[in-house]
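K.L.:
Take this structure first; my questions come after.
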Amino acid sequence: MKELSLNILDIAMNSVKAKATKIEIGLTETETSFTMTIRDNGCGMKRDFLATVTDPFSTTRTTRKVGMGIPFLKLAAEQTGGSFSIDSRHESEFPENHGTETTAVFDKTSIDFTPLGDIISTIVTLIQGSPDIRWIFVHTTPKGSAELDTDELKAVLGDVPLDNTEVIMWVRDYLKEAYSDMEYGFR
């Protein structure tokens, strides 16, 4: 994919399909590294599927026999000299503590480092498309952080749904301001 925000969208949509009610997206940057972690409380993956999840011919899709999102993310991280890991606990084995955590670490100094892209639109799209999910987004950089927890929004908004146009526009403006405050230059 041409930007990491599209990988984030893809992995987060896997979490939505896994019936997660809470999805955390964490981005942590230093001067030389970029770590992306997506954690959910969805149904999780069984061990045999988890063992093959980085194989492009391993997919739960019924519309096609290949799944490229996770293999491409793994490749993108490893091409920079970084790493990739995925851990999952299936609800059949762990009824009280199930879900999936995907982590990709990138070396930002590598010529192969994929730019983050339009993370604001990605987060807005996820919230708008799945307003009933609790979305927790934290992006930490050496110059500050951008954070959003939809449970906090719901507490203030009451009965106003998160996919309301005015709410979505507010979320977009809020994130733009947070990124502006930390002088984040999208690359």
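The values are calculated or read from the model by the stated rules, or taken from the named source; none is laboratory data. Just so it is clear, the model here is predicted, and its values are computed rather than measured. When we count neighbours, we look across all protein chains shown, and the Cβ atoms used for this are built from the backbone with ideal geometry, even at glycine. In case anyone asks, the SASA skips ligands and DNA or RNA and just uses the protein heavy atoms, side chains included. Shrake-Rupley method; radii C 1.70, N 1.55, O 1.52, S 1.80 Å.
K.L.:
How big is the accessible area of residue 21 in square angstrom, nearest 10, if you roll a 1.4 angstrom probe over the protein chains?
P.N.:
90
K.L.:
Give me the count of lysine pairs in the chain whose alpha carbons sit under 26 angstrom apart, restricted to pairs 8 or more positions apart or on different chains.
P.N.:
Going through the chain pair by pair, I get 26.
K.L.:
How much length is gained if the chain between residue 177 and residue 125 is pulled fully straight, taking 0.36 nm per residue apart and subtracting their Cα-Cα distance, in nm to one decimal?
P.N.:
Fully extending the segment from residue 177 to residue 125 adds 17.0 nm.
K.L.:
Shifting gears a bit: At a probe radius of 1.4 Å, what is the per-residue accessible area of residue 156, in Å² to the nearest 10?
P.N.:
120
K.L.:
Let me ask another. DSSP loop GluC sites (Glu not before Pro) in region 157-187 with at most 12 other Cβ atoms within 10 Å of their Cβ, which ones?
P.N.:
Of the GluC sites (Glu not before Pro), the ones in loops of region 157-187 whose Cβ has at most 12 other Cβ atoms within 10 Å are 183.
K.L.:
Between residue 33 and residue 109, what length in nm is gained on full extension when 0.36 nm per residue of separation is reduced by their alpha carbon distance?
P.N.:
Extending this stretch completely gives an extra 26.6 nm.
K.L.:
Kindly report, to the nearest 10 Å², the accessible surface of residue 173 as traced by a 1.4 Å probe over protein heavy atoms only.
P.N.:
That residue has around 90 Å² of solvent-accessible surface.
K.L.:
Extension gain residue 79-residue 159, at 0.36 nm per residue separation less the Cα-Cα distance, in nm?
P.N.:
Full-extension gain reported as 24.2 nm.
K.L.:
Moving on to the next point. Within the accessible area of the chain, what % is carbon and sulfur when the probe is 1.4 Å and the other protein chains stay in place?
P.N.:
Roughly 51 percent of what the probe reaches on the chain is carbon or sulfur.
K.L.:
Among 96, 152, what's the order by accessible area (1.4 angstrom probe), most exposed first?
P.N.:
96, 152
K.L.:
Let me check something: with ligands and nucleic acids excluded, how do 47, 172 order by accessible area (1.4 Å probe), largest to smallest?
P.N.:
Ranked from most to least accessible, the order is 47, 172.
K.L.:
Can you give the translational diffusion coefficient of region 99-187 in µm²/s, computed by Stokes-Einstein from the Kirkwood radius over Cα pairs at 25 °C and 0.890 mPa s?
P.N.:
My calculation gives 169 µm²/s for D.
K.L.:
Here is a follow-up. For 171, 160, what's the largest-to-smallest order of accessible area, 1.4 Å probe?
P.N.:
The ranking, largest first, comes out as 160, 171.
K.L.:
Next question, about the same structure. What residue among 34, 94, 106 has the largest mean-square fluctuation in a Gaussian network model of the chain, using Cα springs under 10 Å?
P.N.:
Greatest mean-square fluctuation among the candidates belongs to 94.
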